[in-house]
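The values are calculated or read from the model by the stated rules, or taken from the named source; none is laboratory data. Predicted model, so just to flag it, every value in this text is computed and none were measured. To get the accessible areas, we keep the full protein, side chains included, count just its heavy atoms, and leave off ligands, DNA and RNA. Shrake-Rupley method; radii C 1.70, N 1.55, O 1.52, S 1.80 Å.
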Amino acid sequence: MTNHPHPPSDSQAAPGDLERVRQLVNTLDLEAGQDGLASPEETTDWLKENRLLTAADKPLSRSEWERVVGVREALRSLLRANGGAEPEPRALELLDDASKRGPLTVRFAHHDGIELVPSGSGLGGALARTFAILHTATIDGSLPLLKICGNDACQWAFFDHSKNHSGVWCTMATCGNRMKARAYRERKGKV
């Protein structure tokens, strides 16, 4: 993804497994016009590389691929809510529907407490792993810090590392400056 104005991934990285969710959302780079999930084959490869599918899982069908792309965009809507926007009801419905297809079980670990563990394979297992990550991030408080850039032309997922957790843009140097300049021009034009 050359020509993308974002800093190296590690400066926006989410903690632990939540980084996989951030990277999933960022498979679509609106500014560069690149989609890392452009086909069932590319999506299968991406899911395997990110340990959401196993090497033994079969390639995704076209309808499974469409489901993954839908989940990605529904996650983008969900993460927009972390910046104050209301998630789209259709996105929440899509996530609820997708969550029904991937079995999760509760595991009682002696020292580690209770955790959700995906118990399926294939796409259902991959989505269950993703939803288990989101559940853990809700409990540990990290999910609200995974946000979508406030620049509608960008919509890059970033983890808000700012001290007061009030980040709005993926980077101040690019999107922040663009949006502030746009707001200034709009104010000047209205005066």
*Starting at the first residue of the stretch 80-88, write each ³J(HN,Hα) from the Karplus equation 6.51 cos²θ - 1.76 cosθ + 1.60 with θ = phi - 60°, in whole Hz, x for Gly and Pro.*
4, 5, 5, x, x, 6, 8, x, 5
_Residue order for V117, V71 - accessible surface, 1.4 angstrom probe, largest first_ = V117, V71
*Rank E41, E49, E31 by accessible area, highest first, at a 1.4 Å probe radius?*
E49, E41, E31
*Heavy-atom accessible area of R90 with all protein chains present, probe 1.4 Å, nearest 10 Å²?*
150
*Any chance you could check the Cα centroid distance between the stretch 38-66 and the stretch 124-165 for me, in angstrom?*
21
*asked:* Need one word for the stretch 1-131: rounded, prolate or oblate. Basis is the Cα gyration tensor (sqrt eigenvalues a ≥ b ≥ c); a/c below 1.5 gives rounded, then a/b vs b/c decides.
replied: rounded
_5 Å is the cut-off here: which amide hydrogens, built 1.01 Å from N in the peptide plane, fall below it relative to Q34, excluding neighbours closer than 5 in sequence?_
D29
*asked:* Residue by residue through the stretch 56-69, what is 3J(HN,Hα) from phi via Karplus (6.51 cos²θ - 1.76 cosθ + 1.60, θ = phi - 60°)? Round to whole Hz and write x for glycine and proline.
replied: 7, 5, 6, x, 6, 7, 4, 5, 5, 4, 4, 5, 4, 4
_Students often forget the sequence filter, so: which aspartates and glutamates lie under 19 Å Cα-Cα from K58 once same-chain residues fewer than 8 apart are removed?_
E41, E42, D45, E49, E66
*Rounded to whole Hz, the Karplus (6.51, -1.76, 1.60) HN-Hα couplings of the stretch 11-19, x for glycine and proline*: 6, 10, 5, 8, x, x, 5, 4, 4
*When ligands, DNA and RNA are left out and all protein chains stay put, how many square angstrom of accessible area per residue does the stretch 40-162 have with a 1.4 Å probe?*
52
*Over the stretch 1-132, what percent of the accessible surface lies on carbon and sulfur atoms, probe 1.4 Å?*
51
